[in-house]
Each structure stands twice: as C-alpha cells, then as structure tokens.
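The values are calculated or read from the model by the stated rules, or taken from the named source; none is laboratory data. Because the structure is a prediction, the values reported are computed rather than measured. Cβ placement follows ideal geometry from the backbone for every residue including glycine, while neighbour counts extend to all protein chains displayed.
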Amino acid sequence: MSDAAILQGWTLRSFIDRLASFGEAPALITACGESTQRVSYAALSERVLSLTAGLAASGIKPGIPVAIVAPNGCDWVIARFALAAIGAVVCALDDLITEAELRAALGDSGCRYVMASAQHAATIHSIDPTISLIVIGDGPAPAGARVWQGLFAARSVPTVTLSSDEPALLTYTSGTTGPPKSFHLNHANIWANLHALAAARLIGSGDRVLLPLPLHHIYPFVVGLLTPLSSGAAVVFPESVSGPQLVRAIRLGEVSAIVGVPRLYTALVASLETRLGARGRVLNAIFRTLLAVSIGIRRRFDVDAGRWLFHSLRGQIGPRLRLLVSGGAHLDPGILWPLVGLGFEVRSGYGLAETASIFTGNLPGVERLGSEGKPFRGGAMRIAAPDENGIGEIELTGPNVFTGYRNNPAANGEAFTADGWYRTGDLGRIDDDGFLYITGRSKETIVLGGGKKVNPEALERIYGSSPFIREIAVLERQGSLVALLLPDVDAIRSGASARIDETIRVTLASQSQSLPSYERLAGFALVREPLPRTQLGKYRRFLLPALYERSLSGEAAPAPRAPNPDDEALLSQPRARQLYDVLLARYTNKRVSLDASPQLDLGIDSLEWISLSLALEQAGLSISESEFADAVTVRDLLRAAEHGAAATEDETEAKDREIMERRLFAPTGTGLRTLQLAVYLVNWILMRALFRLRVEGTENLPAEGPYVLVANHGSDLDPLVIMAALDYRRARRLYWAGDAVRLFRTRWLDPLWRALHVFPADDRLPGRTLAVAEAMLARGHDLAWFPEGWRTPDGRLQRFLPGIGRILARTRVPAIPVYVSGTFEALPRNRRIPRLRPVRVVIGGPLAGEALPPAMPNEEACHQRIADELRQAIAAVEIQARRSTASGA
C-alpha cells in the first residue's frame, strides 16, 4: 500500500484502535521504589476506550479543544489517548506550569474542558469556575468538578470519523526567545514522522524504552511514546528524573533504549568519567586510551569496537541498554563520540515542534555521525542566502510541517517564504551528500557593535568546557559579550583556590586565548541557581539580560525567608546576632540573609576575609579561616561564631607558624644540602642551554637581605627561571610559597621542597600563609612572591592581590620588582610540555621599605595600595625591557 493510501486512513484514533492487537505484552511500565507497575496493551486499550465512552457521554465532541495538565505516567497516557480517540484537539500543558502561564494558556486556547491532576484542579477552578473540570487520578476535586473514576463505564465506544488533515493537537512553542506562540498539528503531520521511525525499525516489540521527558512536548510524545507503542515495545517511566532514579528505572525496567535530550547524555558521560576517575589515575588512563582507540576505529573503519571493549562497563549502566536517541537540541560531538566509542547506538536528528518534533534523522543505512541526518521521506530542505561556508537559514517543506500559527498573521508572514517554505530560524549547512549540520540559531545570533556576528551556543561550549563552570550563557550587553555563570563550587573548593570570582575570571581568560578579540567576554556575573531553561534543556534567552543585571546588583541573591524557629533561636544568641549585625553594616549594597553565600552573594573571598576577620576581632568575635572556608551560607558563619573555636585566630596562626618554622628552619643535613646544590646546578644549565636565559639588572639586588623579589607570574617555569638568574649564594637563601594543592599532595617530593625552601601556600587560608612569610623575613631570609596569585591566562599582567601589601607593610623590607618574559610563550597554563623559547629576567631597582606608602586607618586599603604600586613598578620594568629589545633589534 502506498504512503498516500495509508495516510488517507491514518489518525490517532486508528493508532489507538490497534493497541489491543499486541495483547498481554507490557505497554507501560512505571518504576516505583524497588518494584514496577505494568499495564499491558490489552489493559491499556480497554482503559482508554472505556474512558473514551465516558468522556463522550460527558459532552466532549470531535474537534473541540481540551486541555490536559498532569504529571507523566500511565494516567496521563490513558487520558491523552482517550481524548484522541474522541477526536478532541488536545492542548497538553506543562505539569510545572505557573498560575500566570496557566491562565494565559487557558484563555488563548479557548479550552472549556480540562483534564487535570488534583494539584492543578483547585488553581484551574479559581481561574475560571465555569470550565468543565475532570480530575485525573486520586485527590480532592473542587466543587462541581468530576473525578475521572466515574467516567470509566461499560458504555459503547462512539464511532468517530476523522480525516488526516484535521487538527490533532494544539501546542505552544518553547519560548526560548520570547512569549510562546500556539499552533495546530494535524494527524498527517504526526503520521509522517511516526511512519518514518517505525519503518526504520530502530525499536521492536522486545524493546523497553525509558522516557524521562515531559509528555506535553511534541518530541517525547511522538518519538518517546507513540513510536514505541506503534512497534509493540514498552515505555518505561522513571519515578523521577534524578540520576539515581533514572539508573534504578533502567535496571528495574530492563531498559534497552532511552529517548532523551543532550543534557541527559552529558550527565551520563560526566558520571562515567567521575566514576572512573575515582578508581585511580592508572585505570582512568587505560580507559581513556581504550576509548580513543574505539572512537578512532569507528571513525576510520566504521567498526563498533566499543561493543566488546566496554561490554562490562555498559552492563553496569544497564545490561540491555543499546540505543540512545537524542533530540530537542544539538548533540555536541564531545558527547556523541564518547557514547559511540563506548559501543552505544546513538541516533540524533533535527526538528522543531512546528515539524511534529523531527524532520531529519540519522537512520540505519542513511547516517553520518556528527550531522543531523537527512530529511524523512517526503521532506525537503534548503539553505537560504548561504555565506562563503554554505551556512544560512534552514528552510523546510514536507508533510510534517505545520500550516501556521493561530491568530498571528505577523508571525506567519515571518515564518513562511513566498513559495511556502517554513523558515526555521536555525542556521546550518548541507554537505555534498545531503546531510544537515546545525551551526546556530539566527534569532539567537548576537550582532555586536562592529557588525560582527557571534553564535552564543558555540562560545558556551568553549567557555563551559572548564570543570569549574557548571552552566554558562553568553549574551550581549552594551555592545560587548558578557556571560551568566553557575560555578561548580565543589570543584573550585577542591582545587587550588577558594576564590570563586578569581577562579572564574582566570578560567574564562584562559579559555578565550584561541578566540578572536570580539568573542572574548567583557564581564560576567555569577548565579547560585540553574539558569532558566525549557524542559528540553534550551536556555530561555529572553530572560537572561534582566537576570544579568539583577546578579550584578546582588538582587539575584536569595530573598530573606520568613524566619523559622531554628533561625530565630540562632539569631537570638548574642555572638551570632552580633556577627549578623556586622555583616548587615558592612555589606549594605548586598542582600544579606541567612541563606546567602558569603562568596557568591556577599563577595567575601579569602582575601576579603582577612579584612573582615580584623573587624570581627575588634568586635570580640572569632571565626577561624578553616571555618570560613567550610561555610556555605551565612547561617554556617553564625553557627561558627556562636560555638566559637577553642583557640583564637592569632593562636591558630601562631601554632601553624611554629609547626611550619620547625619544618623549614630545622638544620639541614648533608643530603639535603647536596640535593639543593645538585638541583641548582642542573636547573642553571638547563635554563641557559634550552631556554637561552638572559639576565639583566643583578646589580639592583641588595648585598644582604632580607628582601622580597616581587615578580609577574606567566608560567610554572617562573621559579626555575628566577632561581637560575641568581648566584648560588642568593638562591640558597631564597624561600618560595608553593601551591599546597598542586605541589604537596605527594609525600615523596617533600624532601625536594624542603631542600629548595618551598613552603605550602593554601589560598583558602591566606592569613596563615602570610604569617609564615612574615616569619621568614623576620628571621633574615629572602622571599620570592608572585602577587598575582595565578599564572596569567593571557600573557598580560594581572591585578596584584593585597597579600604582598600586608607582608611589606608589617616587615618594611625592600621589594625588588622582577619582570620575567618568555615563560608564558614557553609554557602557558593550558600546556604540559614546554616549548623551547628564549626567556629573560629583568631586575628593577629596589623599593625601600621606608619608601612604601605609610600605614592608613584602613589596613585593607593600605595593603592594596602597596600592591598597586608594585604592579606599576613591574609594569615600568616591562616597558623598559620591551624598549631595550626593540632598540637592540
């Protein structure tokens, strides 16, 4: 039979009439705790047709709009199919819909009948008491509403004659760029996709398909529900969409396929990497090597080696899991290829709600991984006004394309070309073999002041690849690019620094090095909650500008909640109340609340903490740096203040300093002295032989110490270069602060660090580090210090942190500005193996201690002023060095 002949008789009613033919095979499976509830095809058909009779008797007729708003599950499917069997035009609404959105949807759709869960029923009744309301499932029903149990009866099922070109459902756009628009899809639109997917035989009667997506969207409804049920497969509903519940549903439901979105598969890959990373570096390295080999074999020979290499690993996820279907958004190659390399069958495609969810796909025999596939039979696509790379707006025509938006001639004028093709608003290209590649969305393309066009999604993938960034959205502000970021606080805390803002700043600058200047961010704002998305994972971009402004001003911090008894009891304690009042007085431009984050909402990084701790000390309060580092909320700080540490901060620092001094200044034996000399000589030779080290300005070094060498920080090579620039007498007197996380994790390296006078510097506890540095200078030793704290991400001099100002203000020793060049080019922060580039050390004239700015009432301002003057001094040495290089050339 031809497609046209099948189409003439196909409607959702004919689909439903066919359900009973699969008999007692499971149709719907719901995970409940450690067990499942199952509904067979026969039982599903019986329940649907019984409810159809009851709904018809209640007055619902073919062609009238009926809304449904309820959570995913068997009840939703039964209600939805019963309405389809009558021939109603179903308007499925989001179970998470707000009251304002619900009011707007009911008014726009014209629905006078609504089937709703009990949790929505009261809201709907309050919006419009005249609506005929049918409550799905258990729960109380408002006055005048019917409970659906009473509609299941042994009545005759009405005969309904429907045409394939009649409306089957009423739906709304996702609202990523503005308010949603509504439109109809007819039975023919749905059949065009359903028929193509069924003919591809991706899923058979023995399959069980996990569906963790909201059914009110077209993609999960057509691909995740109708397609499996048209093939006799079972649909598995998880108890919730949390990671553990999905894993449990995969196991209990014996899932063989998943219909998901890219964010789900991104989380899957990240979970596997975390699990393997926890097993040690060796196993992790073996896994990554095997995965790279598997991907390479698949790319080059189209052989699925991962099916055998990772059989056991896949079995830990789901013994039967073989097929991963992705839709709703573009599946990034960085996620696609690891899944393919693991041996999964990955199917992706392209479509919109206006095309009944999908239009192109990678189907067996017609696929190209990384592309979005080719159009389904009967569809055609073209690229409008392609640029030199063949990229332009994607235009579509075919049987699955809708006919237009409801009551919106302006939108239809923009949506369709003069010859009737649908303008998707998406950008892409078509290769020579007819495969589609998506590159962005024209409505989301950012046009900057100079006319440069930027694809925010592409930049978000680049900037968001950092482990310190959980979510990032790029937007335009005042002619430049900025970003909203949700940082991964746990990853930052486990790293080398607790300064969230500084970590993100350096990370973004580092990630931008491969980008042209106009694609680099001019600013960013941090958020605490996930960025606004649709349920299919796309950013609701029209909400981002206002959120950015609120985040900058601190208004995005959590609003104070009504105090609960525990919080009232905490604030009634004198020390906690006193600390809270200090915070209110100090951060008047911030939203201070018990739920506020000290770092994200109040801007208290580890160096601001030094200043705040002085204010607390003056107020008679004591919170240790470790307690501050562990505090997630202001509430945690108040509890720490109330309970108090056994020792004051000064006592804690003194104890730490005593331990550190015993370690650093204990007499060194012959072995350590020999190691120190050997390392110095080898390093001296390597720096000159491999990196052609040049040294200038050694005459500026004082004959005797103590003094501080203050240098810019371009690379991990900087300490080695500075050490080689000094004679051995000076080098052996010099002490260094080394990253506690990066350098002191391995115990067997401890003798080396001791021989080289490297002491651990913990950025999360800066006060202790500074106290140790001051103790060294007091003993007459020299110190090397990198005030930027971070290796530069872009080769430019960064802001100097005030820690160096505190050291010099308290010790009044000379500061020697040192400019190191060439190390950034040789070993930038994103490179592990150095390039052999010439390096240079230029030593400037000393800044005597008495020449430093005098003490000021505000110690923090004094320390920062000293740091700023040192930065200017090094910048001046840099300019002088560049001029001498230019004149020499």
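Looking across Phe402, Phe435, Phe416, Phe468, one residue alone is aromatic (Phe, Trp, Tyr) and in contact with a Pro (Cβ under 9 Å, 6 or more places away or on another chain). It is Phe468. Does Ser494 count as surrounded by fewer than 15 Cβ atoms within 10 Å (Cβ to Cβ) and under 16 Å from the mean Cα position of the chain (by Cα)? For Ser494, the condition - surrounded by fewer than 15 Cβ atoms within 10 Å (Cβ to Cβ) and under 16 Å from the mean Cα position of the chain (by Cα) - is not met. Condition first: within 31 Å of the chain's Cα centre (by Cα), more than 27 Å from Pro214 (Cα to Cα) and either in the same structural domain as Arg320 (by TED's automatic domain parsing) or not acidic (Asp, Glu) (or both). Can you find one or more residues in region 344-366 that meet it? No, every residue in region 344-366 fails to be within 31 Å of the chain's Cα centre (by Cα), more than 27 Å from Pro214 (Cα to Cα) and either in the same structural domain as Arg320 (by TED's automatic domain parsing) or not acidic (Asp, Glu) (or both).
Cβ-Cβ contacts under 7 Å between residues 6 or more apart (or on different chains), taken from a first residue in region 23-40 that is outside any strand (DSSP E or B) to a second residue that is at pLDDT 95 or above and buried (at least 18 other Cβ atoms within 10 Å of the Cβ), are listed as Gly23/Tyr41; Glu24/Ser40; Ala25/Ser40; Ala25/Tyr41; Ala25/Gly232. Determine whether Ile833 is closer than 25 Å to Val695 by Cβ, touching a residue at least 12 places away in the same chain (Cβ under 8 Å) and of a type in the set (A, V, I, L, M, F, W, C). In short, no.
Restricted to helices (runs of 4 or more DSSP H) entirely inside region 223-331, those with at least 2 residues that are over 26 Å from the mean Cα position of the chain (by Cα) are 227-230, 243-252, 281-301, 306-309, 311-317. No other residue among Ile807, Ile816 is assigned to a helix (DSSP H, G or I), in contact (Cβ under 8 Å) with a residue 40 or more places away in the chain and either aliphatic (A, V, I, L, M) or within 20 Å of Met776 (Cα to Cα) (or both) apart from Ile807.
Going by the structure shown, is Leu102 under 21 Å from Leu210 (Cα atoms), of a type outside the set (Val, Ile, Thr) and surrounded by 15 or more Cβ atoms within 10 Å (Cβ to Cβ)? Spell out how you get there, then give the answer.
Numbers: under 21 Å from Leu210 (Cα atoms): no; of a type outside the set (Val, Ile, Thr): yes; surrounded by 15 or more Cβ atoms within 10 Å (Cβ to Cβ): yes.
Answer is no for this residue.
Of the residues making up region 186-212, those that are of a type in the set (A, V, I, L, M, F, W, C) and under 25 Å from Ser163 (Cα atoms) are Ala188, Ile190, Trp191, Ala192, Leu194, Ala196, Leu197, Ala198, Ala199.
Can you tell me how many residues in region 236-286 are touching a residue at least 12 places away in the same chain (Cβ under 8 Å) and not acidic (Asp, Glu)?
Start the filter on region 236-286 by keeping residues that are touching a residue at least 12 places away in the same chain (Cβ under 8 Å), which leaves 236-239, 241, 243, 245-269, 271-272.
Subset that is not acidic (Asp, Glu): 236-238, 241, 243, 245-253, 255-269, 271-272.
Summing the residues that are touching a residue at least 12 places away in the same chain (Cβ under 8 Å) and not acidic (Asp, Glu) in region 236-286 gives 31.
When Ala876, Ala889 are checked against the criterion of being over 39 Å from the mean Cα position of the chain (by Cα) and either at pLDDT below 85 or under 19 Å from Leu720 (Cα atoms) (or both), a single residue qualifies: Ala889.
Among the residues of region 244-293, just one is acidic (Asp, Glu) and closer than 30 Å to Gly232 by Cα, namely Glu254.
Can you give me the number of residues within region 357-381 that are assigned to a strand (DSSP E or B) and touching a residue at least 12 places away in the same chain (Cβ under 8 Å)? Count: 9.
Selection of region 692-725 for residues being in contact (Cβ under 8 Å) with a residue 24 or more places away in the chain, hydrophobic (A, V, I, L, M, F, W, C) and within 24 Å of Arg812 (Cβ to Cβ) yields Leu701, Val708, Leu709, Val710, Ala711, Ile722. Filtered by the rule that a residue be buried (at least 22 other Cβ atoms within 10 Å of the Cβ), in contact with a helix residue (DSSP H, G or I) (Cβ under 6 Å, 6 or more places away or on another chain) and of a type in the set (A, V, I, L, M), region 237-272 gives a lone residue, Val259.
Condition test on Ile190, is it touching a Leu at 6+ places or on another chain (Cβ under 8 Å) and part of a loop (DSSP other than H, G, I, E, B)? No. Screening Phe376 against (1) surrounded by fewer than 19 Cβ atoms within 10 Å (Cβ to Cβ); (2) within 20 Å of Ala329 (Cβ to Cβ) leaves a single unmet condition, (1).
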